[in-house]
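Step one of this worksheet: look at the structure below.
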Amino acid sequence: MLLGPEQLHQNCDLEQYGFETTAELTTEQQLLGQNRAVDAFKYSLNVKDGGHHLFAMGLSAGSRVNIALNLVTELGSNRPTAPDWCYVYNFSQPNSPNALSLEAGMGCLFKHDVAQLVEDLTTMIPAAFESEEYQGRRQAIEHRLQERQEEALNVLGKKSRELNVELISTPSGFAFAPIKEGQAILPDAFQALPEAEQKQIESTIKQLQKELQETLRQFPSWQKETLQEIRTLNHEVTSSVVDSLIGELLIKYEDHEEIYEYLSDFKNDVVEHSASFLHRPESENPLVAAPDFSRYQVNVLVAQPSDRSIPVIYEDNPSLPNLVGRIEHEAQFGTLTTNHTLIKSGALHRAVGGFLILEVEKLLTKLMAWEGLKRSLSSGLIHFDSIERSYGWATTIGLDPEPIPLDTKVILVGDRRYFYLLSEYDPEFSSLFKVVADFDEIVPRSVENNLKFPNLIAKIVAEEQLLPFNRRAVARLNEFSARMAEDAERLSVNRDKIRDLMIEANYIAQQNNQSVVEDSNINDARRSAMFRHDRIRERVQEQILRETLLIDTSGEKIGQINGLAVYSLGQMMFGKPSRISARVRLGNGNVLDIERKAELGGPTHTKGVMILSSFLASRYAAEAPLSLSASLVFEQSYGGVDGDSASSTELYALMSALSGLPIRQSFAVTGSVNQFGDVQAIGGVNEKIEGFFDICQTRGLTGDQGVIIPLANVKNLMLREDLVQAVRDEQFHIHAVQHIDEGIEILTGIPAGEEIGDNAFPEGSVNALIMEKLKRLQEKKKSMQKNGTDNSNQESE
Amino acid sequence: MMTSELSGLPRQIALALDATPESIRVLDRVAEIASILEARLDAVFIEDEALLSLSEYPFSEEISLYSPRQPLQKTRLEQEYRALSKQLQKALEQSANRWKLHWQFRTVRANLNQALEQISSEIDLITLMTTCRGLQRSYQFEHHSATIMSRFPGSCIILPRHITAGKEVMVLIESEESRLPLMALAQRFASAGEKPMVVLVPTTEQHPKPREELYRQSLLGKKIDTIQLIPIDTTEPKKLAKMLENRSVHMFITSKSDTIFSVETKIEMAEKFKAPLYLLG
């Protein structure tokens, strides 16, 4: 069937758009044909179950996150407001800070209250300790000790004096010295005393020394008693101050049991450590640290937004610490220290009560991140896992904070392959991510979707702050989207590519000082983008035009045909004609796929060759052996061939070789074939047609040139305007065929010939000529077998 | 060398230091006094020869709170003296810097009496720590503060063993003759420390009422808002103590020669107040 120009490109109907530019359109989220995925979002976001986290797959990498963010914000707003979370010092287990939950918005208030309390304590406690009342009571206690000690020493001193011995003070202690009538007996005088008197004095002093020692032994216990009295006094004074200051807070937070308990522990701790609140002289010694009240600080880890909106968090770098939080350290004189104020939140904390969106590819490439996420989701608690602790690299004493309950719905976005891989290899995955939102990249080009399409464009315009796009430009983008979908009846919703094209068109429009982006800007942008990526295609085309790569676009050849291949290089896809040739000779029915023999052919290509072999055998040698050997080759192909889209082409070449009928080289062919000779759809039809057209156009269109494609591919045609125009001008032709016989007729100009019984075909037809050739080969083979000269088996090897 | 407050302030103050913990405690307070008087502070650390000679007894042992009993050795005593001396000198240097004083520190080894007599012959005002109560603080037991003070003709500052920072400057005026110099001295301490002045005026039979009124009149002519006049109608130490028990005294000033109250009573009062006693000679 020869296709008319209207079948080659399905224009977007401008009449369906009642706007002039996208500035008139709303920019609300417009998802084209994604009901399945949206339903999945609705279900996952609102179902109350721990394992119903969501995996959103499909769509382009750049748009997944935005779409997920928009959907979550729109569909997940009916969750209850989550609480604030704070970490506070654990007075009974300092290495395990306590997590406190407060109503949303109360976290910062509580922090402020406690900070104010500490500030007041730092003023009031020293004031209380400096007060006359305290000083008086303390001095009385200390004085009692002094008096007690002095009294004990005085008693001993008095006794010793009565014995003519004086108790005297030395720099480090006490000693006894003899006296007589109140005057010291100096050593010289002592030596002069009678020996008996000396011994008497010495004996007395030895006895007094023992008594002194006994007396002094009591001093430490008296000091201990005094210290205990002072400690009790300090407790009383501090308690009094703390009670007066903390009372208001206890009333304020009396409904919060955990906070009430914390404040009670706080009070006891302050009383216990009242000395740290007292003023100390500033020291120049850096090792003498200033008073540290960090133990009394409140670390607000999760503070819900002031507008009470549900948190929707996207973590761009989902490393383990960024997910589950981390405990930072401070260096102090070469030692790393930490405390509860250095606990930093992770994305899971920030998303408590809301939603967390993560890109699965990034998540899986971060060390331990996936494990950490699963552990949190499974346990329902956010543990402060760290890589170094997990691997035992860190052996220092660290914090083990009380984990915060995880009340977060996690949305993973990514490629389908990750979903299937995780489903296959990670048993926990399916139990945690029970809901899948499968976004379709291709949607029907229906009236409904065509009408939604301009809103998608308007949204991108708003997001990227582009100039408004006029109606024609939107229509052109619609056609571009259909071309991306490789289907005139479908639209691609690859926002990345649409956005890229729009940005480039906008750039061109701005360069031209336009206020609106027009359809010509879209065309120019496509050309520019293509030009930038076109080097390889140009080189290939250049080699064809310079006849380095041999492609005929005119004349006729037996056993030679132009096939069409598609190359995909990065962002560029282009079609390239390839010469395929076939040769036949006497043999035993084998069709030799030279590509496969040379290990350049892929399995699908091999399958295609086998199918066409089957077709040949069943059509022309149903009742007798096929006495030929044929060989097929992609000429000048050095990089490998795969796919079955050339199987019909190869069959045409074989039929030409068998029939001896030449094939018109002004045609190129694509399409796969089945065992019945039906021509089947292939991919990349637009690029293939345009690839051959470009060669013909450069060499000069003759009016005889064209392409044969499967009829099933007509709906995929979204061809370039210049090609459509050439068809319109009858300078280029596109034939769509259903069966191999239709194609061979076009290529040879000879009727294929329908079977008229017993493997007989009308005389002069292509099939009849093939049958004749095969019969000749068969007879020759029989004759050679009789003469014993048949070596076709060897040749076929 | 008698110094009159009318004729001038002391230019040089001696501070006798010994090997007791009180020595280091009083340093800063004496430095403050010297600074207020704009006098040079001459600190003398006395290594008591008599104490050193204790080691010559065959039975001498030193018994302390935290060390085992051990023979009292002269070399160890000397080492302890040297260490104390360095510690006191450093503490004095810090106090002197704080109060911006001229100062001198020296160590002498001598008999305590002789050393004090030597010092008193060279300076205008001597500062002593009380040893009249509690343990004897030196081997020269008979030389408690009162004794030493009586031998020294000039002004004395007696430092109780416990000193606190009080709020008032208290002056005890026992005679008309000493009123003006004592008031001048008290006024100086009160002004320097921005402290109120409390004047104790005995109203005994020897000092009839008209004199007290006259005295009050002369005071009212000065700074009425910083002066409080307290009549004293007793010389009984216990009654006096009761009357003044809740005062917060920073400096207690009185005459050395007036005798309504004995020197012992005055020292007792200073100990109660936990304030230095300035006995104007």
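Quick one: 3J(HN,Hα) in Hz for the stretch A:619-627, Karplus 6.51/-1.76/1.60 with θ = phi - 60°, rounded, Gly and Pro as x.
3J(HN,Hα) across the stretch A:619-627, in whole Hz: 7, 9, 9, 5, 10, 9, x, 7, 9.
Let a ≥ b ≥ c be the square roots of the eigenvalues of the Cα gyration tensor of the stretch A:95-183; is it rounded (a/c under 1.5), or, if not, prolate (a/b larger than b/c) or oblate? Provide the component values of the computation, followed by the final result.
Numbers: a/c = 6.06, a/b = 3.89, b/c = 1.56.
Here the stretch A:95-183 falls in the prolate category.
With all protein chains present and a 1.4 Å probe, how do A:Tyr260, A:Tyr652, A:Tyr507, A:Tyr418 order by accessible area, largest first? Don't skip to the end; give the middle numbers.
On the way: A:Tyr260 95, A:Tyr652 0, A:Tyr507 130, A:Tyr418 35 Å².
So, going from the largest accessible area down, we get A:Tyr507, A:Tyr260, A:Tyr418, A:Tyr652.
Once each part is reduced to its C-alpha centroid, what is the distance from the stretch A:14-72 to the stretch B:229-281 in angstrom?
First find each Cα centre; the distance between them is then 94 Å.
Sequence gap at least 6, Cα distance under 8 Å: using those rules, report the relative contact order of chain A to the nearest whole percent. Write out the running numbers ahead of the final one.
Values: 1374 pairs, mean separation 125.1, N = 797.
Answer for chain A is 16 percent.
In sequence order, what are the phi-derived ³J(HN,Hα) couplings for the stretch B:12-20 according to the Karplus relation 6.51 cos²θ - 1.76 cosθ + 1.60 with θ = phi - 60°, rounded to whole Hz, with x for glycine and proline?
Whole-Hz 3J(HN,Hα) from phi for the stretch B:12-20: 9, 10, 9, 10, 8, 10, 10, 8, 10.
About its Cα centre, how strong a charge dipole does chain A have in debye, to the nearest 20, once Lys and Arg get +1 and Asp and Glu get -1 at the Cβ? Each step should come with its number before you reach the end.
Numbers: 77 positive and 114 negative charges, 507 e Å.
Dipole size: approximately 2440 debye.
Given R₀ = 60 Å, FRET efficiency for A:Tyr425-A:Leu233 by Cβ-Cβ distance, to 0.05? Could you put the intermediate results ahead of the total?
Working: r = 69 Å, r/R0 = 1.14.
After rounding to 0.05, the efficiency reads 0.30.
In peptide A:183-190, what is the residue-averaged number of other protein chain Cβ atoms found within 10 Å of each Cβ? Kindly include the intermediate steps, with their values, before the conclusion.
Numbers: counts 3, 7, 1, 6, 7, 2, 0, 4.
Mean shielding by partner chains, rounded to a whole number: 4.
State the answer as a single residue: which of A:Ser637, A:Ala668, A:Pro751 lies farthest towards the positive end of the charge dipole of chain A, with beta carbon charges of +1 for Lys and Arg and -1 for Asp and Glu, about the Cα centre.
Farthest towards the positive pole: A:Pro751.
Dividing the convex hull volume of the Cα atoms of chain A by its residue count, what figure in Å³ per residue is obtained?
On the way: hull volume 247.5 nm³, N = 797.
Taking the convex hull of the Cα positions in chain A, it is 311 Å³ per residue.
Amide H to amide H under 5 Å from B:Leu200: which residues, 5+ apart in sequence or cross-chain, H placed 1.01 Å off N in plane?
B:Val171, B:Leu172, B:Ile173, B:Ile230
Putting +1 on Lys and Arg Cβ atoms and -1 on Asp and Glu Cβ atoms, find which of A:Ser131, A:Phe219, A:Val155 reaches farthest to the positive end of the dipole of the stretch A:127-276.
Positive-end residue among those listed: A:Val155.
May I ask for the distance between the Cα centers of the stretch A:503-577 and the stretch A:613-687, given as a whole number of Å?
27 Å
Around A:Ile558, which amide H atoms from residues at least 5 apart in sequence, or from another chain, sit under 5 Å from its own amide H, with H modelled in the peptide plane?
Excluding prolines and chain starts, which carry no amide H, the hits are A:Ile663.
Protein chains only, probe 1.4 Å: how do A:Glu197, A:Glu272, A:Glu623, A:Glu359 rank by accessible area, largest first? Write out the running numbers ahead of the final one.
Details: A:Glu197 70, A:Glu272 115, A:Glu623 175, A:Glu359 35 Å².
Heavy-atom accessible area, descending, gives A:Glu623, A:Glu272, A:Glu197, A:Glu359.
Could you tell me the center-to-center distance, by alpha carbons, between the stretch A:728-743 and the stretch A:90-140 in angstrom?
90 Å
Restrict the search to the stretch A:25-106; then list the trypsin sites (Lys or Arg not before Pro) that DSSP places in a loop and that have at most 10 other Cβ atoms within 10 Å of their Cβ.
Values: sites: A:Arg36, A:Lys42, A:Lys48, A:Arg64; in loops: A:Lys48.
Passing both the DSSP loop test and the Cβ count: A:Lys48.
Kindly list the residues of the stretch A:376-415 that lie in the label zone of A:Asp265, defined by a backbone N under 11 Å from the point 7 Å along the Cα-to-C-beta vector.
Inside the label zone: A:402.
Volume per residue, Å³, of the convex hull around the alpha-carbon atoms of the stretch A:504-616? It would help to have the intermediate numbers written out before the result.
On the way: hull volume 20.0 nm³, N = 113.
Output value, Cα hull per residue: 177 Å³.
Under a no-solvent Debye model with one identical scatterer per Cα of the stretch A:127-276, what's log10 I(q)/I(0) at q = 0.12 Å⁻¹?
Result of the Debye calculation: -0.69.
Measure off 7 Å from each Cα along the Cα-to-Cβ vector at A:Gln465 and A:Arg585, then give the distance between these two points in nanometres to one decimal.
Reported label-point gap for A:Gln465 and A:Arg585 is 7.2 nm.
How many nm separate the modelled label positions at A:Glu133 and A:Glu197, each set 7 Å beyond the Cα in the direction of the Cβ?
Modelled inter-label distance: 6.2 nm.
Relative contact order for the stretch A:127-276 using alpha-carbon pairs under 8 Å, separation at least 6, rounded to a whole percent? Intermediate results must be reported in sequence, preceding the final value.
On the way: 90 pairs, mean separation 33.8, N = 150.
This gives 23 percent for the stretch A:127-276.
Might you work out the accessible area of A:Thr232 for me, using a 1.4 Å probe with all protein chains in place, and round it to the nearest 10 Å²?
Accessible surface of A:Thr232 is approximately 60 Å².
On average over all directions, what projected area in square nanometres does the stretch A:56-141 have, based on the convex hull of its Cα atoms?
Working: hull surface 44.1 nm².
With the hull built on Cα positions only, its mean projection is 11.0 nm².
Which translational diffusion coefficient, to the nearest whole µm²/s, is obtained for the stretch A:118-167 from the Stokes-Einstein equation, given a Kirkwood hydrodynamic radius over C-alpha pairs, 4 °C and 1.567 mPa s? The partial results should precede the final answer.
Values: Rh = 13.5 Å.
In µm²/s, the coefficient is 96.
Rounded to the nearest 0.05, what FRET efficiency do A:Thr335 and A:Glu28 give with R0 = 45 Å and r taken as the Cβ-Cβ distance? Could you check?
Details: r = 56 Å, r/R0 = 1.25.
Calculated transfer efficiency: 0.20.
Could you please tell me the mean projected area of the C-alpha convex hull for the stretch A:568-609, averaged over all directions and given in square nanometres to one decimal?
Values: hull surface 17.2 nm².
Mean orientational projected area (the stretch A:568-609, Cα hull): 4.3 nm².
Determine by what factor the alpha-carbon radius of gyration of the stretch A:232-353 differs from 2.2 N^0.38 Å, reporting the quotient. Before the final figure, lay out each step's value.
Details: Rg = 19.2 Å, N = 122, 2.2 N^0.38 = 13.7 Å.
Rounded to two decimals, the normalised Rg is 1.41.
What's log10 of I(q)/I(0) for the stretch B:1-109 at q = 0.11, 0.17, 0.18, 0.22 Å⁻¹, Debye sum over Cα points only, no solvent?
Taken in order of the listed q values, log10 I(q)/I(0) reads -0.45, -0.83, -0.89, -1.13.
Considering the Cα positions of the stretch A:549-790, please state its Rg to one decimal place and its Dmax as a whole number of Å.
Considering the stretch A:549-790 through its Cα atoms, Rg and Dmax are 17.9, 63 Å.
Kindly write out, for the stretch A:259-265 in residue order, the coupling ³J(HN,Hα) from the Karplus curve 6.51 cos²θ - 1.76 cosθ + 1.60 (θ = phi - 60°), rounded to whole Hz, with x marking Gly and Pro.
Values, residue by residue: 5, 4, 5, 4, 5, 5, 5 Hz.
The values are calculated or read from the model by the stated rules, or taken from the named source; none is laboratory data. No experiment lies behind these values; they were computed from the predicted model shown. Cβ: placed from backbone, ideal geometry, glycine included. Neighbour counts: every protein chain shown. With ligands, DNA and RNA removed, areas are computed over all heavy atoms of the protein, side chains included. Shrake-Rupley method; radii C 1.70, N 1.55, O 1.52, S 1.80 Å.
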